[in-house]
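The values are calculated or read from the model by the stated rules, or taken from the named source; none is laboratory data. Computed from a predicted model, the values in this text were never measured in an experiment. Cβ coordinates were reconstructed from backbone atoms using ideal geometry, including for glycine residues, and neighbour counts include every protein chain displayed.
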Amino acid sequence: MGGFCGVISKQDCVPSLFYGTDYHCHLGTKRGGLATLDKDGFQRYIHDISNSQFKSKFETDILTMTGRSGIGIISDYEDQPLIIGSHLGRYAIVTVGVIKNDESLVKKAFKKGRTHFSEMSGNEINPTELVASLINQESSFAAGLQNVQESIEGSSSVLLLTEKGIYAARDRWGRTPVIIGQSPDGYIATQETTALPNLGYQVERELGPGEVVLITQDGIEQKVKPRKEMQICSFLWIYYGYPASSYEGINVEASRYRCGAALAKNDNVEVDYVGGIPDSGTAHALGYSDKSGIRYRRAFIKYTPTWPRSFMPQKQALRDLVAKMKLIPIKELIEGQRLLFCDDSIVRGTQLKDTLQRIYDYGAREIHMRPSCPPLVFGCKFLNFSRSKSELDLATRKAIKELEGQKKADLSKYVDESSDEFAAMVGRIGQKNGLTTLKYQKLEEMCAAIGLEREKLCTYCWNGCDKPACPKKTVENKPANK
């Protein structure tokens, strides 16, 4: 994933920029960066944060940084911010999203000539540099940012730090949020409203899908109007959004309580108590407990000081290690008990299987699992959750392959919650993980718990649709091309 922050202020922007960017660390994986602009030009620092905290890497740098405007980034893997020189002038740029058609865009750029790209490890082109090249093809920053949205398959939200101010652009379908906050000293552009209260900002407005604005000390000037259609990522509320944040005016923690309550409403299992797989499963479990009247207990305690979120590492072995090391079981709350756990989701299932085995090893009688979203059948093609290129790594796809063999599978049957195929897939996943029972959240219940209009939510990873209606999908159960 990744997250960005931009600040423009009547005073020194660096403190707000530093802490505002830090409030996005739950989204990032490897790189952090800051850039400011003062009368002497741009200042920039980029550091590897894969094995250390963002604050510890930048606490010395910020002592030398000055300026009344700046941008920061917690990045998936590429260096950001970039400082770009172009016919539009010099600017710094940060981006969040994923470009699925990068190869074709690069070939198109080379055909036009007079361009080049810097290489990353593995001979990959920095996607932020590719976005900058699309901007530079136009006669203005606003037109360039509009070109980005029209050209990219995937998504890209962008901040540009220029001499005129900060340009903020939300991706074409609004899959990730961009929120503008205001204080007596200026403005902040952020993905997480978590960054606002402690820095003295109030929410001024949220950008619409594809909208572009120019933020200055004097105010916010709209450069490109928002599109009417929105497909914001539902997983913001279910998993990766921060509990204190709100998107489209809907708080994450509150929606997770509602989601847990919906799970309980449709359940009649008899257990001794309810727990959550921390952190994101905790709020779902609290909602379940409140609705069901079953006591909530913490059978696992998360060790938070040094371990990141387990989806962040790019290698499966390291993800598994993080998941194991950060969760510490409490035998006194496990031994002899019938336990029900709420979790945000089941993705590949490898971490879950190891976690459940540890619970059994500590003497649990029964383990019931209630994921707070439906089964994930499709890999996200709009955001950068993982660099894995194969959907067959998903727990659902492995179960479908076991059920179907090598023949083509009609996936529409496996996303139909009333079908025999759906029941068989869920049964296979539960059996492989040693669960007493496994029951998923229903898609409509999840959307209702979020509280945003159904047509505005992206549900692609659950039903393969980037719109409310879509055709049947058939796939072959064979390994993805390497």
message: Can you list residue pairs whose Cβ atoms sit under 8 Å apart, with the first residue in the range 399-426 being within 16 Å of Val347 (Cα to Cα) and in the same structural domain as Tyr460 (by TED's automatic domain parsing) and the second being assigned to a loop (DSSP other than H, G, I, E, B) and of a type in the set (Phe, Trp, Tyr)? Count only pairs 6 or more apart in sequence or on different chains.
response: Val426/Tyr440
query: Of (1) touching a Lys or Arg at 6+ places or on another chain (Cβ under 9 Å); (2) at pLDDT below 95; (3) within 20 Å of Ala169 (Cα to Cα), Tyr77 satisfies all except one. Which?
result: (3)
task: Scan (1) touching a residue at least 60 places away in the same chain (Cβ under 8 Å); (2) buried (at least 22 other Cβ atoms within 10 Å of the Cβ) for the single condition Tyr19 breaks and write down its number.
output: (2)
query: Does any residue of the range 260-271 turn out to be surrounded by 23 or more Cβ atoms within 10 Å (Cβ to Cβ), outside the structural domain of Pro184 (by TED's automatic domain parsing) and within 21 Å of the chain's Cα centre (by Cα)?
result: yes
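Taking the range 344-380 as the search range and keeping residues that are among the charged types (D, E, K, R) and at pLDDT 90 or above, which one is surrounded by the fewest Cβ atoms within 10 Å (Cβ to Cβ)?
Selected residue: Asp361.
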- prompt: Are any residues in the range 364-377 touching an Asp or Glu at 6+ places or on another chain (Cβ under 6 Å) and part of a loop (DSSP other than H, G, I, E, B), and if so, which ones?
  reply: Ser372
query: Do we have any residue at all in the range 179-191 that's out of contact with any helix residue (DSSP H, G or I) (no Cβ under 6 Å at 6 or more places or on another chain), under 25 Å from Thr459 (Cα atoms), charged (D, E, K, R) and buried (at least 18 other Cβ atoms within 10 Å of the Cβ)?
result: no
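Can you spot a residue in the range 165-177 that is surrounded by fewer than 20 Cβ atoms within 10 Å (Cβ to Cβ) and farther than 19 Å from Gly3 by Cα? I'd like the intermediate steps shown before the answer.
First, the residues of the range 165-177 that are surrounded by fewer than 20 Cβ atoms within 10 Å (Cβ to Cβ): none.
No; the residues of the range 165-177 include none that is surrounded by fewer than 20 Cβ atoms within 10 Å (Cβ to Cβ) and farther than 19 Å from Gly3 by Cα.
Name the residues in the range 140-178 that are within 26 Å of Ser245 (Cα to Cα), of a type outside the set (Gly, Ala, Ser) and either touching a helix residue (DSSP H, G or I) at 6+ places or on another chain (Cβ under 7 Å) or part of a loop (DSSP other than H, G, I, E, B) (or both), would you?
Initial filter on the range 140-178 (within 26 Å of Ser245 (Cα to Cα)): 149, 154-161, 165-178.
From what is left, the residues that are of a type outside the set (Gly, Ala, Ser) are 149, 158-161, 166-167, 170-173, 175-178.
If the condition is that a residue be within 26 Å of Ser245 (Cα to Cα), of a type outside the set (Gly, Ala, Ser) and either touching a helix residue (DSSP H, G or I) at 6+ places or on another chain (Cβ under 7 Å) or part of a loop (DSSP other than H, G, I, E, B) (or both), then Val158, Leu160, Tyr167, Arg170, Asp171, Arg172, Trp173, Arg175, Thr176, Pro177, Val178 are the ones that fit.
Can you tell me which of Glu103, Glu138, Glu129, Glu124 is crowded, with 16+ Cβ neighbours inside 10 Å, more than 28 Å from Asp185 (Cβ to Cβ), out of contact with any Gly (no Cβ under 6 Å at 6 or more places or on another chain) and among the acidic types (Asp, Glu)?
Numbers: Glu103 fails: crowded, with 16+ Cβ neighbours inside 10 Å; Glu138 fails: out of contact with any Gly (no Cβ under 6 Å at 6 or more places or on another chain); Glu124 fails: crowded, with 16+ Cβ neighbours inside 10 Å.
None of the others qualify; the one that does is Glu129.
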statement: Expected single match for on the phi < 0 side of the Ramachandran plot and modelled with pLDDT under 95 among Lys228, Lys223 is Lys228
query: Can you tell me which residue in the range 192-221 is surrounded by the most Cβ atoms within 10 Å (Cβ to Cβ), limited to those that are of a type in the set (A, V, I, L, M, F, W, C) and under 18 Å from Gly70 (Cβ atoms)?
result: Ala195
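When the range 30-62 is examined, which residues are found to be of a type in the set (Lys, Arg) and either surrounded by 15 or more Cβ atoms within 10 Å (Cβ to Cβ) or not assigned by TED's automatic domain parsing to the domain that holds Leu161 (or both)? Explain how you work it out, then say what you get.
In the first step, residues of the range 30-62 are kept if they are of a type in the set (Lys, Arg); the result is 30-31, 39, 44, 55, 57.
Within the range 30-62, Lys30, Arg31, Arg44, Lys55, Lys57 meet the criteria.
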message: Exactly one condition in (1) under 24 Å from Ser255 (Cβ atoms); (2) surrounded by fewer than 21 Cβ atoms within 10 Å (Cβ to Cβ); (3) out of contact with any Lys or Arg (no Cβ under 7 Å at 6 or more places or on another chain) is false for Thr437; which is it?
response: (1)
